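The values are calculated or read from the model by the stated rules, or taken from the named source; none is laboratory data. Everything numeric here is computed off the predicted structure, so don't read it as measured data. Ideal geometry is used to build each Cβ from the backbone, glycine not excepted, and the neighbour counts take in all protein chains shown. Side chains included, ligands, DNA and RNA excluded: accessible areas come from the protein's heavy atoms. Shrake-Rupley method; radii C 1.70, N 1.55, O 1.52, S 1.80 Å.
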Amino acid sequence: FPAFGGLLSVIKNGGEGAYAPTAAFTGERAHSLSFMGGDDEHIYFAIAQNDAGVFGAGNQGLVLARLPADDGSFVTWPPAWQLITTLEPLEVAQDDVSEIRLNNAGDALVASYLVAGVAKFYATRDLEGIDSAVAGNGEPELREIARCADAILADAAFDGELLYIACVDAGGDLEIRRAAIDDLTAEPAWEIVPTRIGGAIDAIDLEASAERGVSIALRQGERLRVYTWLSGDPSFDEALVGDFDHAHSAAGVILSVCDQEGDGIVRTFMY
């Protein structure tokens, strides 16, 4: 995909592999993808894009969209994109949107991102409304379930029962909350999750699964740390440069690190 500079994203959390080339305009991770419980026929995307030819004039910006999972959309061009809704218009998104995440939370889909210093978290399980929106008939029920002011980093993860959200403020301080989101018509009852994590944080990656609980990988200056359990000490703590990501698997918690501006080697660790 030379037109997109080779920019790819891969589904995690035990899902089948799927890749998404995007016309991204931000310097951050500009798209994310996930599956939605109850819908095995589509792959869902949150995409920051400014190509009017993909979704049509007026539909640029940060959008929620989907692709049929079995029609060869990833090997043919153009893909059969189905626009669901616009989360942020182009005039806002192209300058201010970052930290875009899309997560599966059982039968709900959770989108999170930063815009102008505010972390926003949305959720929906309205498959009927999504189908109607794709057909051009209205909007799905998409509820804002949380937000963090003065934020520079944000992420979310679902452990099979509770949704966890993580926010880092402009001072580098981390806050993690959790709540059940079984009823999206009510305000979630968020509670603070205690941790032993202190000090300014530069990057985070929150992960969760029913089998392994909740973990977080974070960068603090030169140190890269992974807390396999939020209430414990780091199980990985090394001076290691590069971008990182971590995921839960059947074998354990996996951490990958790559210094793209240095040696370009991907280093992988498992716990």
Residue list for the stretch 233-249, filter: closer than 20 Å to Gly160 by Cβ and out of contact with any Gly (no Cβ under 8 Å at 6 or more places or on another chain):
His246, Ala247
Residue check, Ser231 under 17 Å from the mean Cα position of the chain (by Cα), more than 29 Å from Ala116 (Cα to Cα) and either modelled with pLDDT of 95 or more or hydroxyl-bearing (Ser, Thr, Tyr) (or both):
no
Inside the stretch 246-261, can you point out the residues that are open to solvent by 50 Å² or more (accessible area, probe 1.4 Å) and over 18 Å from Leu206 (Cβ atoms)?
Ala250, Ala251, Gln260, Glu261
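Here is a yes/no grid of residues against (1) open to solvent by 60 Å² or more (accessible area, probe 1.4 Å); (2) under 20 Å from Ile201 (Cβ atoms):
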{"site": "Pro89", "(1), (2)": "no, no"}
{"site": "Val97", "(1), (2)": "no, no"}
{"site": "Ile100", "(1), (2)": "no, yes"}
{"site": "Ala111", "(1), (2)": "no, no"}
{"site": "Ala119", "(1), (2)": "no, yes"}
{"site": "Thr124", "(1), (2)": "no, no"}
{"site": "Asn137", "(1), (2)": "yes, no"}
{"site": "Ala157", "(1), (2)": "no, yes"}
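Here's the yes/no breakdown for (1) touching a Pro at 6+ places or on another chain (Cβ under 7 Å); (2) in contact (Cβ under 8 Å) with a residue 24 or more places away in the chain:
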{"position": "Thr85", "(1), (2)": "yes, yes"}
{"position": "Val97", "(1), (2)": "no, yes"}
{"position": "Leu102", "(1), (2)": "no, yes"}
{"position": "Glu128", "(1), (2)": "no, no"}
{"position": "Ala133", "(1), (2)": "yes, yes"}
{"position": "Glu139", "(1), (2)": "no, yes"}
{"position": "Ala149", "(1), (2)": "no, yes"}
{"position": "Asp159", "(1), (2)": "no, yes"}
{"position": "Gly171", "(1), (2)": "no, yes"}
Mind checking which residues of the stretch 57-82 are more than 11 Å from Tyr44 (Cβ to Cβ), open to solvent by 40 Å² or more (accessible area, probe 1.4 Å) and either at pLDDT 70 or above or touching a His at 6+ places or on another chain (Cβ under 9 Å) (or both)?
Asp70, Ala80, Trp81
Conditions (1) open to solvent by less than 50 Å² (accessible area, probe 1.4 Å); (2) closer than 25 Å to Lys120 by Cα; (3) touching a residue at least 12 places away in the same chain (Cβ under 8 Å); (4) small (Gly, Ala, Ser): number failed by Ala186:
(3)
Can you tell me which residues in the stretch 160-175 are out of contact with any Cys (no Cβ under 6 Å at 6 or more places or on another chain) and open to solvent by 30 Å² or more (accessible area, probe 1.4 Å)?
Gly160, Glu161, Leu162, Asp169, Ala170, Gly171, Asp173, Leu174
Collect the residues in the stretch 190-245 that are open to solvent by 20 Å² or more (accessible area, probe 1.4 Å), assigned to a loop (DSSP other than H, G, I, E, B) and among the β-branched types (Val, Ile, Thr), keeping them in residue-number order.
Thr195, Ile197, Thr228, Val241
Can you spot a residue in the stretch 258-271 that is among the hydroxyl-bearing types (Ser, Thr, Tyr) and either touching a residue at least 60 places away in the same chain (Cβ under 8 Å) or within 17 Å of Val168 (Cβ to Cβ) (or both)?
no
